[in-house]
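Asks: First the structure, which I've put down as structure tokens, then a few questions once you've had a look.
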Amino acid sequence: SAKCGACGPGYATPLDAMKGNLGFCDFASKGPREEIVYLPCIYRNTGIEKPDYLATVDVDPKSPQYCQVIHRLPMPNLKDELHHTGWNACSSCFGDATKRRNCLILPGLISSRIYVVDVGTDMRAPRIRKIVEPVELFWKSNVAHPHTSHCLASGDILISCLGDPAGNGKGSFILLDGETFEVKGNWEKGKKIPPLGYDFWYQPRHNVLLSTEWGTPKVFASGFNPDDVARGHYGHHINVWDWTTHSLVQSIDLGKGSIPLEIRFLHNPDAAEGFVGCALSSVVHRFYKTEKGDWAAEKVIEVPNKKVEGWLLPEMPGLITDILISLDDRFLYFSNWLHGDIRQYDISDTRKPRLVGQVFVGGSLTKGGAVTVVDDKELQEQPEPFVIQGKKVSGGPQMLQLSLDGKRLYVSNSLYSGWDMQFYPDLLKEGSVMLQIDVDIEKGGLKVNQNFLVDFGKEPDGPVLAHEIRYPGGDCSSDIWI
């Protein structure tokens with residue numbers, strides 16, 4: 001093992017991360033067992049005029065503060081809609097002793113403001129290091145609505161954007177300097193830019209970056225109208241970029257109205273394949289490099305719609321909103337935000353995923369609710385309401401994070417405040433939760449840990465919506481190996 005300070009942030013390989021091999025130098029990593037997590041907490045659309053904040057939560061079962069929020073870092077502005085987060089450095093910088101994973105990047109999805117948060121000085125009590133104001137994105141890059149951030153081996157930070165300053169769709173990217181956090185300009189080159197943007201993943205060994213498409217920011221800002229799908233305001237492509245030239249070279253059509261969101265390569269950097277979850281079509285596609293050298297996709301999982309009464313539409317999709325792949329590339333997980341279940345698939349054969357675990361933790365289909373299921377291709381009866389430690393949970397499973405060793409799956413249940421307000425209005429009154437699911441990593445299987453509950457309905461300033469989950473030492477949805 002290299003001595004600390006000699007090898008840079010992260011881990012040498014995904015399997016090293018999974019096993020907790022101490023050949024890494026992250027200030028916060030102590031092996032695979034996470035002790036704290038960070039979550040952005042959102043007040044926009046809740047009726048509470050308070051700023052969003054970054055919560056630090058104790059998840060160490062040995063701690064007297066287990067399942068408690070131990071620190072809150074409020075932002076200095078209102079209605080940012082903090083959403084996804086990323087690192088200033090990760091395993092893509094492994095081997096560079098000058099790099100350190102000590103800053104969390106927090107883009108404001110609605111405000112277009114980017115906060116750089118220092119988690120290195122005191123990882124249990126983060127502090128704001130720098131604020132990149134929206135005007136920087138507007139004037140330097142003609143972009144807005146930043147979403148996903150990944151660090152690069154070069155030291156820069158790459159952030160995908162959803163639109164332009166007027167709220168129109170635009171699948172652009174910006175680069176932040178990894179030292180000064182100044183906006184350096186656009187990453188993409190050439191005139192071809194996708195009409196929509198969202199998530200992305202890159203893999204230099206195959207000279208590729210793949211990005212996905214959500215919707216037009218000014219359209220989805222206040223809620224979901226099914227008619228906007230037909231009007232072309234929601235995406236249906238994987239966009240393929242040449243990693244070297246930064247140019248758009250291909251678009252893979254996944255079907256109109258599919259809305260592809262999170263995209264994940266297999267963690268093995270030699271692998272030329274991965275998976276993308278499509279929200280509205282409730283389909284998981286496997287994407288892969290063909291013998292010709294271009295890219296293609298095939299449907300490998302489909303969650304059937306349920307025919308219902310008492311809902312927005314006569315059929316309810318599962319609405320796949322987050323997907324994860326375990327670090328050993330053996331299991332795929334995803335959440336059905338509307339149906340209310342989390343699924344685990346064995347992907348040893350990537351073309352034929354096999355369902356091995358499923359658990360319901362809320363959703364719109366529970367017995368006694370407003371929705372009646374009249375035809376269901378999967379379930380014999382509607383699931384029971386989800387109750388944990390006496391609390392009936394509103395909302396459905398949304399953001400997922402898997403422990404490095406693959407044994408614990410964390411889940412939060414807020415998607416985006418505008419859509420939470422529409423589909424789960426009680427969530428805004430009661431606040432969201434974070435749960436932990438115990439994972440069988442031998443045969444597969446999911447089981448709710450009844451001793452774990454973080455109730456964001458009991459926050460000091462009132463109920464809040466908690467979103468994406470990050471560990472100080474990196475995780476399986478932020479770290480990229482090159």
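The values are calculated or read from the model by the stated rules, or taken from the named source; none is laboratory data. What you see is a predicted model; the values in this text were computed from it and never measured. Ideal geometry is used to build each Cβ from the backbone, glycine not excepted, and the neighbour counts take in all protein chains shown. What goes into the accessible areas is simple: the full protein's heavy atoms, side chains included, and nothing from ligands, DNA or RNA. Shrake-Rupley method; radii C 1.70, N 1.55, O 1.52, S 1.80 Å.
Asks: Quick one: which residue in E273, E262, E315 is on the phi < 0 side of the Ramachandran plot and open to solvent by 40 Å² or more (accessible area, probe 1.4 Å)?
Replies: One residue alone meets the criteria, E315.
Asks: Residue by residue through the stretch 407-440, note down the ones that are in a loop (DSSP other than H, G, I, E, B) and surrounded by 18 or more Cβ atoms within 10 Å (Cβ to Cβ).
Replies: Of everything in the stretch 407-440, those that are in a loop (DSSP other than H, G, I, E, B) and surrounded by 18 or more Cβ atoms within 10 Å (Cβ to Cβ) turn out to be N413, S414, L415, Y416, Y424, G431, S432.
Asks: How do the pairs read when you match residues in the stretch 361-390 that are open to solvent by 70 Å² or more (accessible area, probe 1.4 Å) with residues anywhere that are of a type in the set (A, V, I, L, M, F, W, C), using Cβ under 7 Å and keeping only pairs 6 or more apart or on different chains?
Replies: Every condition considered, the pairs that remain are V374/V308; Q389/L453.
Matching residues to (1) closer than 28 Å to I157 by Cβ; (2) modelled with pLDDT of 95 or more; (3) open to solvent by less than 10 Å² (accessible area, probe 1.4 Å); (4) of a type outside the set (G, A, S):
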position: R44; (1), (2), (3), (4): yes, yes, no, yes
position: L54; (1), (2), (3), (4): yes, yes, yes, yes
position: D60; (1), (2), (3), (4): no, yes, no, yes
position: Q65; (1), (2), (3), (4): no, yes, no, yes
position: V69; (1), (2), (3), (4): yes, yes, no, yes
position: P74; (1), (2), (3), (4): yes, yes, no, yes
position: W87; (1), (2), (3), (4): yes, yes, yes, yes
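Asks: Of the residues in the stretch 341-365, how many are closer than 17 Å to V448 by Cα and not in a strand (DSSP E or B)?
Replies: Residues flagged as closer than 17 Å to V448 by Cα and not in a strand (DSSP E or B) within the stretch 341-365 amount to 3.
Asks: With respect to V116, is the statement that it is farther than 26 Å from K192 by Cβ, at pLDDT 95 or above and either β-branched (V, I, T) or buried (at least 21 other Cβ atoms within 10 Å of the Cβ) (or both) true?
Replies: yes
Asks: Further, regarding this structure: Quick one: which residue in P107, P134 is touching a Lys or Arg at 6+ places or on another chain (Cβ under 9 Å), closer than 25 Å to T216 by Cβ, surrounded by 23 or more Cβ atoms within 10 Å (Cβ to Cβ) and modelled with pLDDT of 95 or more? Show your work before the answer.
Replies: On the way: P134 fails: surrounded by 23 or more Cβ atoms within 10 Å (Cβ to Cβ).
Within the list P107, P134, the selection yields P107.
Asks: Out of everything in the stretch 113-127 that is under 22 Å from the mean Cα position of the chain (by Cα) and in a strand (DSSP E or B), what residue ends up being nearest to V143 (Cα to Cα)?
Replies: The qualifying residue nearest to V143 (Cα to Cα) is I114.
Asks: Related question: Looking only at the stretch 229-247, filter to residues that are of a type in the set (A, V, I, L, M), more than 18 Å from the chain's Cα centre (by Cα) and open to solvent by less than 40 Å² (accessible area, probe 1.4 Å); which one of those is modelled with the lowest pLDDT?
Replies: Ranking the candidates gives V229 first.
Asks: Restricting to the stretch 449-461, and then to whatever is crowded, with 19+ Cβ neighbours inside 10 Å and of a type in the set (A, V, I, L, M, F, W, C), can you tell me which residue is farthest from V387 (Cα to Cα)?
Replies: This residue is F456.
Asks: Residue check, Q250 against (1) closer than 25 Å to F386 by Cα; (2) touching a Phe, Trp or Tyr at 6+ places or on another chain (Cβ under 8 Å); (3) among the polar types (S, T, N, Q); (4) open to solvent by 40 Å² or more (accessible area, probe 1.4 Å), all met but one. Which one?
Replies: (1)
Asks: Among K299, K256, which is the only one that is at pLDDT below 95, open to solvent by 30 Å² or more (accessible area, probe 1.4 Å), of a type in the set (K, R) and not in a helix (DSSP H, G or I)?
Replies: Details: K299 fails: at pLDDT below 95.
Step by step, each of K299, K256 is checked, and only K256 is at pLDDT below 95, open to solvent by 30 Å² or more (accessible area, probe 1.4 Å), of a type in the set (K, R) and not in a helix (DSSP H, G or I).
Asks: As an exercise: evaluate V219 against (1) farther than 17 Å from D242 by Cβ; (2) open to solvent by 10 Å² or more (accessible area, probe 1.4 Å); (3) in a strand (DSSP E or B) and give the number of the one condition it does not meet.
Replies: (3)
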